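Below: one structure, written as structure tokens.
The values are calculated or read from the model by the stated rules, or taken from the named source; none is laboratory data. Note that the structure is predicted; figures quoted are calculated from it, not measured. Glycine also receives a Cβ, built like all others from the backbone with ideal geometry; neighbour counts cover every protein chain displayed. Keep in mind that these areas ignore ligands, DNA and RNA; they rest on the heavy atoms of the full protein, side chains included. Shrake-Rupley method; radii C 1.70, N 1.55, O 1.52, S 1.80 Å.
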Amino acid sequence: MLLIMTVKADHSTAEVIEWLLHSNTEFVRLNGDVPISNMCIEVYENGSINMSLFGADNSYYLFDKISKFWYRRGDLTTFKPALMSNKRQAIRILEEEWQVLKKFILFLLEERPHLGSLAKEENHNKLIDLVKAASAGLCIPQTLVTSKKESLQGFSNSITKAIKDIFLIHKRNRIWAVETKQVEPNNLQFLSNRVFPTLLQTEIMKSYELRVFFIAGEFYSMAIFSQSNTQTKVDFRNYDRKCPNRCVPYSLPHEIKIKLLAFIKLLNIDTGSIDIIVTPENQFVFLEVNHIGQFGWLSKNCNYYIEEKIAKHLTNL
């Protein structure tokens with residue numbers, strides 16, 4: 001039986017499940033945003049293992065019934081004991097205990113044929129990705145991480161973005177998304193001489209952007225014409241709902257495919273979404289890879305039926 005780990009609101013998971021139902025593939029779904037309320041793991045003297053997990057939504061999972069695993073999204077969480085707020089040290093210790101248990105559960109699941117990896121997602125590092133991409137022969141943007149104000153001022157024509165992931169700031173019933181932005185030199189004068197380590201990259205002029213989804217060595221690519229729209233020029237994820245970017249199927253050059261395959265092999269990952277800029281000089285510049293990147297909009301814009309292909313891959317694991 002296939003175990004799918006995802007979150008309740010992931011629409012792409014639901015569409016893949018429709019194809020699994022169509023092919024009569026047995027599966028169970030574990031929503032990572034539902035805590036594990038009860039569990040039992042037995043390790044016998046001969047090394048065999050018996051494990052059962054029970055979700056707070058009355059779902060249950062028996063280890064010996066699971067033959068393959070798809071990590072799509074989410075995390076494994078457990079219930080938090082009712083401790084007083086001054087018991088922070090005890091809460092920290094219990095959280096560390098759970099992290100060890102979680103790693104063991106994931107180890108057991110990923111010993112089976114699987115697609116995706118929560119462990120690799122948690123250890124994902126964009127700076128390591130850049131180094132690996134360059135090692136694979138891909139072009140990358142010049143990158144600076146600095147805590148010195150003068151270094152920021154000396155890095156002209158640049159953009160800045162989160163070192164890890166896009167994050168949200170909640171304040172007074174409003175939400176701000178911290179996205180990729182152009183560096184405004186006039187704003188740097190208000191900074192102190194020492195700042196928190198900040199990432200900057202040389203801004204790459206582009207003809208268009210590529211979103212490349214891959215699974216098991218196969219690529220599905222889409223060109224995004226974001227450059228002519230001031231709202232999406234720096235980051236196409238700053239979507240213009242009134243005037244959406246034109247998105248079309250795209251065939252990657254053979255030499256770029258070879259380099260991407262080498263990059264994927266270096267990271268030892270089997271699925272994800274890659275962002276690339278194509279410059280006016282037809283140079284392909286790697287930006288980043290997202291292990292759990294969205295693929296639904298790419299699939300529908302380009303008629304790739306990626307959901308069906310994922311379902312077939314999972315069935316044949």
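Below are the figures for this structure:
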quantity: Enumeration of residues in the stretch 239-255 that are modelled with pLDDT of 90 or more and not hydroxyl-bearing (Ser, Thr, Tyr); calculated: VAL248, PRO249, LEU252, PRO253, HIS254, GLU255
quantity: Looking only at the stretch 157-207, and only at residues there that are part of a loop (DSSP other than H, G, I, E, B), of a type in the set (Gly, Ala, Ser) and surrounded by 13 or more Cβ atoms within 10 Å (Cβ to Cβ), the one that is modelled with the lowest pLDDT; calculated: ALA162
quantity: Residues of the stretch 1-44 that turn out to be under 17 Å from LEU317 (Cβ atoms) and basic (Lys, Arg), as a count; calculated: 1
quantity: Answer residue from the stretch 11-31, given it is farther than 22 Å from PHE63 by Cα and acidic (Asp, Glu) and is least open to solvent (accessible area, probe 1.4 Å) among those; calculated: GLU15
quantity: Conditions (1) among the acidic types (Asp, Glu); (2) open to solvent by 70 Å² or more (accessible area, probe 1.4 Å); (3) touching an Asp or Glu at 6+ places or on another chain (Cβ under 7 Å); number of the one not met by ASP129; calculated: (2)
quantity: Enumeration of residues in the stretch 283-301 that are touching a residue at least 60 places away in the same chain (Cβ under 8 Å), farther than 18 Å from GLU18 by Cβ and either open to solvent by 50 Å² or more (accessible area, probe 1.4 Å) or assigned to a strand (DSSP E or B) (or both); calculated: GLN283, PHE284, VAL285, PHE286, LEU287, GLU288, VAL289, ASN301
quantity: Yes/no for MET5 being buried (at least 18 other Cβ atoms within 10 Å of the Cβ) and in contact with a Leu (Cβ under 7 Å, 6 or more places away or on another chain); calculated: yes
quantity: Some residue of the stretch 302-314 being in a strand (DSSP E or B) and under 19 Å from the mean Cα position of the chain (by Cα); calculated: no
quantity: Given (1) of a type in the set (Val, Ile, Thr); (2) modelled with pLDDT under 90; (3) not in a strand (DSSP E or B), index of the condition VAL145 fails; calculated: (3)
